[in-house]
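J.: My structure is below; once you've seen it, I'll send some questions.
The values are calculated or read from the model by the stated rules, or taken from the named source; none is laboratory data. This is a predicted model, so every value here is computed, not measured. Neighbour counts run over all protein chains shown; Cβ positions are idealised from the backbone, glycine included.
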There are 2 protein chains.
Amino acid sequence: MAETTRFMDAALEEARKAAERGEVPIGAVVVFDGRIIASAGNRTRELNDVTAHAEIVAIREASAVLNDERLAGADLYVTLEPCTMCAAAISFARIRRLYYGADDPKGGAVDSGVRFFGSPTCHHAPDVYSGLAERESAEILRDFFASKR
Amino acid sequence: MAETTRFMDAALEEARKAAERGEVPIGAVVVFDGRIIASAGNRTRELNDVTAHAEIVAIREASAVLNDERLAGADLYVTLEPCTMCAAAISFARIRRLYYGADDPKGGAVDSGVRFFGSPTCHHAPDVYSGLAERESAEILRDFFASKR
């Protein structure tokens, strides 16, 4: 449990760093064999790339580190419920466990929206643990959007 | 109509080139202002990257060309019905029209699976035209998998 908190804290730190860069503050880390092998915040604005969500950037980095497109045995920690694009990428990468912070009823695809992991076209589903650091994850997002208004 | 055929032919050519590289043969092009601004085949194996589907690679390239993460007014041609990940990326990129070849009942997310563009968490849906060069798109895939057996 202490480990889980530590990894989620690292994802929250990535979210905060994303906010400092003017990006929607969502952060993610990939954990393999008890250590963080990739960490990323949202980079869509910086890279002019709608696919550069924190989860996608972290998964691509983890695949480069392991030299394998499949991340079997790896766990992903992310501050917000993954969207439809990221849920599918998580499935394709064969992520073992997904830990996420705040729910995203408007854009999420795990416990909201298309609930991809339970759909017939999903061929690998991670174990899902939600609500970790939920309040803090949501607050970082709320503060960011409040400061933009 | 002749234009549509020309652009779909370019996507098919990308699919054939992907097969030559040993990749699952799917190809895509992005068209803006009447010309192809990005074209790509599937590169998941080469890049060790599960997110490197033809559509994602083409969208990222088009965003780099236009220096804009939003591809409003751009059309995407792809040989196979986009998967859940790609359908969401197409939505995020604000693609105007989606033209696709063969259906993909096992992995598609447009007219199969989660039918993302009709779901409440989809906030932009392209106009969809399906069945273009359907037979040829499917044949390229069938031949590829037959040769692997």
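J.: Does A:Ala28 satisfy being part of a strand (DSSP E or B), surrounded by 21 or more Cβ atoms within 10 Å (Cβ to Cβ) and within 12 Å of the chain's Cα centre (by Cα)? Quick ask: steps written out before the conclusion?
T.: Working: part of a strand (DSSP E or B): yes; surrounded by 21 or more Cβ atoms within 10 Å (Cβ to Cβ): yes; within 12 Å of the chain's Cα centre (by Cα): yes.
Yes: the conditions hold for A:Ala28.
The rows are residues; the columns are (1) of a type outside the set (S, T, N, Q); (2) over 15 Å from A:Gly107 (Cβ atoms); (3) out of contact with any Leu (no Cβ under 6 Å at 6 or more places or on another chain).
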site: B:Asp75; (1), (2), (3): yes, yes, yes
site: B:Glu81; (1), (2), (3): yes, yes, yes
site: B:Phe92; (1), (2), (3): yes, no, yes
site: B:Ile95; (1), (2), (3): yes, yes, no
site: B:Ala109; (1), (2), (3): yes, yes, yes
site: B:Gly113; (1), (2), (3): yes, yes, yes
site: B:Ser119; (1), (2), (3): no, no, yes
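J.: Still on this structure: Identify the residue in segment A:92-126 that is more than 14 Å from chain B (Cβ to nearest Cβ) and in contact with a Phe, Trp or Tyr (Cβ under 9 Å, 6 or more places away or on another chain) and, among all such residues, is surrounded by the most Cβ atoms within 10 Å (Cβ to Cβ).
T.: A:Tyr100
J.: Hey, any hits in segment A:115-129 for a residue that's within 22 Å of A:Glu13 (Cα to Cα) and at pLDDT 95 or above?
T.: Yes, that holds for at least one residue.
J.: Oh, and also: Quick one: B:Arg45 ticks every box in (1) within 27 Å of A:Val57 (Cβ to Cβ); (2) assigned to a loop (DSSP other than H, G, I, E, B); (3) in contact with a Gly (Cβ under 8 Å, 6 or more places away or on another chain) bar one, so which box is it?
T.: (2) is the only condition that B:Arg45 fails.
J.: Let me ask something else. Considering only residues that are under 21 Å from A:Cys86 (Cβ atoms) and surrounded by 24 or more Cβ atoms within 10 Å (Cβ to Cβ), which ones fall in segment B:61-79?
T.: B:Ala62, B:Ser63, B:Leu71, B:Leu76, B:Val78
J.: Hey, can you tell me all the residues within segment A:63-110 that are among the charged types (D, E, K, R) and without any contact (Cβ under 8 Å) to a residue 12 or more places away in the chain?
T.: Scanning segment A:63-110 gives A:Asp68, A:Lys106.
J.: Further question on the same structure: Of everything in segment A:72-91 that's over 20 Å from B:Cys122 (Cβ atoms) and out of contact with any Phe, Trp or Tyr (no Cβ under 6 Å at 6 or more places or on another chain), which residue is farthest from the other protein chains (Cβ to nearest Cβ)?
T.: Checked segment A:72-91; the qualifying residue farthest from the other protein chains (Cβ to nearest Cβ) is A:Thr79.
J.: Continuing with this model, one more query. Of all residues in segment A:44-62 being free of Cβ contacts under 8 Å to residues at least 24 places away in the same chain and of a type in the set (A, V, I, L, M, F, W, C), which is nearest to B:His123 (Cα to Cα)? Walk me through it before giving the result.
T.: At the first step, the residues of segment A:44-62 found to be free of Cβ contacts under 8 Å to residues at least 24 places away in the same chain are A:44, A:47-50, A:52, A:60.
Applying the additional criterion that residues be of a type in the set (A, V, I, L, M, F, W, C) yields A:47, A:50, A:52.
Details: A:Leu47: 22, A:Val50: 14, A:Ala52: 18 Å.
It comes out as A:Val50.
J.: With the requirement that a residue be over 13 Å from the mean Cα position of the chain (by Cα) and either outside any loop (DSSP other than H, G, I, E, B) or over 24 Å from B:Arg45 (Cβ atoms) (or both), what does segment A:70-106 give you?
T.: Correct list: A:Phe92, A:Pro105, A:Lys106.
J.: Now a separate question. Given (1) crowded, with 19+ Cβ neighbours inside 10 Å; (2) without any contact (Cβ under 8 Å) to a residue 12 or more places away in the chain, where does B:Arg35 come up short, assuming only one miss?
T.: All conditions pass for B:Arg35, except number (1).
J.: Does segment A:134-149 hold any residues that are modelled with pLDDT under 95 and either over 13 Å from A:Ala19 (Cβ atoms) or touching a strand residue (DSSP E or B) at 6+ places or on another chain (Cβ under 7 Å) (or both), and which are they?
T.: A:Arg149
Rundown of residues vs (1) closer than 17 Å to A:Gly101 by Cα; (2) away from every other protein chain (no Cβ under 14 Å), yes/no style:
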residue	(1), (2)
A:Phe7	yes, yes
A:Ala15	yes, yes
A:Val30	yes, no
A:Gly34	no, yes
A:Ala38	no, no
A:Gly41	yes, yes
A:Arg45	no, no
